[in-house]
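Read through the structure below, which is laid out as structure tokens, and then see the notes.
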Amino acid sequence: MEVRQLACLVAAVSLALAAVARCDPQVPCYFIFGDSLVDNGNNNYIVSLARANYPPYGIDFAGGPSGRFTNGLTTVDVIAQLLGFDNFIPPFAATSGDQLLGGANFASAAAGIRAETGQQLGGRIPFAGQVQNYQTAVQTLVSILGDQDTASDHLSRCIFSVGMGSNDYLNNYFMPAFYNTGSRYSPEQFADALIADYRRYLQVLYNYGARKVVLIGVGQVGCSPNELARYSADGVTCVDRIDGAIQIFNRRLVGLVDEFNALPGAHFTFINAYNIFDDLLANAASYGFTVTNAGCCGVGRNNGQVTCLPYQAPCANRDQHIFWDAFHPSEAANIIVGRRSYRAESPNDVYPMDISTLASI
């Protein structure tokens, strides 16, 4: 790594990512696809129950409530800072014109790979819709840059991150009151169905210029406070049948990385969010966490409250909580996951490379 880049990284980390180190970005743009783990405001513009544009969300974010489902930064905010961007990547719904040259965040809370996922929460933009929005953005970029070849060259140097699948389990497969997928598919069959759709949408991204693509695996959903409240006898032990199904999906996602890396110019990589989160839970104290099974607000379906209520007073020691609400990690946890996605701390964190390496290709 060049001295200037190293100085930039050290500066960002030393400030706990609260301030941006002023360096040229390592890539020209960053495009983000996903769900509420990384949505930073797209759902503010649609009619949906899956919104977080009110306090106490954003209590530790410089701009206050923005639509982020946490108290401060999301993992992609952290990654954007480590990549050297001066500003956070804006939500597509609030992005236009030349802003798209630096990328856009297409993520939507409650969204899944499957179109029906999250429908009980109202409006959301599923993966197919996010990909369609990206196609629209590419056409804008072609107009701005003057021709397709110039736009393709620009996009080939950008980072694309895709983190889908959590809601397909939380708000579909393991929600029999609203969906019948749990009775129609075995865990292996459901993972195969998800991967088939995932593959089709990734192919569209590739066809529209995506070459450096990060696939973020699904984390330990069975360890979230919401699922502990629903299924765990002691409120602490993670739910094996949920996490077992997710591990089947993640293994197939690694296979997609290998498939796409066989295409000309493709550099796909897998972030093992499951492994990183497993380490956080197993070694919580070493990371400064004292609460692993409860959020700062939002206590789970058994009490009728999943997300934070408007203006609800959150806990004071939120940096000691892995979870912010019944589903979503705290900023403190997001910073660790974002750092380890950017620069792996364990061989099991990524496959075959971390984001810092991908950016340098």
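Readers should treat all values here as calculations from the given coordinates under stated rules, not as data from a laboratory. Everything numeric here is computed off the predicted structure, so don't read it as measured data. No Cβ is skipped: glycine too gets one built from the backbone with ideal geometry, and neighbour counts run over all protein chains shown.
Among Ser108, Ser166, the order by Cβ neighbours within 10 angstrom, fewest to most, reads Ser166, Ser108.
When the Gaussian network model of the chain links Cα atoms closer than 10 Å, the mean-square fluctuations of Asp278, Asp147, Asp349 top out at Asp147.
For Met175, Met164, the sequence from fewest to most other C-beta atoms within 10 Å is Met175, Met164.
Shape class for the chain: rounded, because the ratio a/c of the largest to smallest gyration tensor axis (alpha-carbon atoms, square roots of eigenvalues) is under 1.5. Taking every DSSP bridge with both residues inside the chain, close to 20 percent are antiparallel. Estimated from helices alone, the mean residue ellipticity of the chain at 222 nm is -11000 deg cm²/dmol (sum of -39500 (n - 2.57) over DSSP H runs with n ≥ 4, per residue).
Largest mean-square fluctuation among Tyr287, Tyr173, Tyr311, in a Gaussian network model of the chain whose springs join Cα atoms under 10 Å apart, belongs to Tyr311.
The alpha carbon centroids of region 144-187 and region 200-227 are separated by 6 Å. With both labels modelled 7 Å from their Cα along Cα-to-Cβ, the Ala285 to Tyr185 distance reads 4.1 nm. Once backbone amide H atoms are built at 1.01 Å from N, Tyr54 has Gly67 as its partners under 5 Å, excluding neighbours fewer than 5 places away on the same chain. Largest GNM mean-square fluctuation among Gly217, Gly67, Gly123, using the chain with Cα springs under 10 Å: Gly123. In this simple spin-label model, placing a label point 7 Å from the Cα along the Cα-to-Cβ direction at both Ala233 and Glu116 gives a separation of 3.3 nm. With contacts taken as Cα pairs under 8 Å and at least 6 residues apart, the chain reaches a relative contact order of 17 percent.
By the beta-carbon count within 10 Å of each Cβ, the least crowded to most crowded order of Cys223, Cys23, fewest first, is Cys23, Cys223.
Between the beta carbons of Asp153 and Arg199, assuming R0 = 30 Å, the FRET efficiency works out to 0.75 to the nearest 0.05. Working from label points 7 Å from Cα in the Cα-to-Cβ sense, the Ser346 to Asp24 distance is 3.7 nm.
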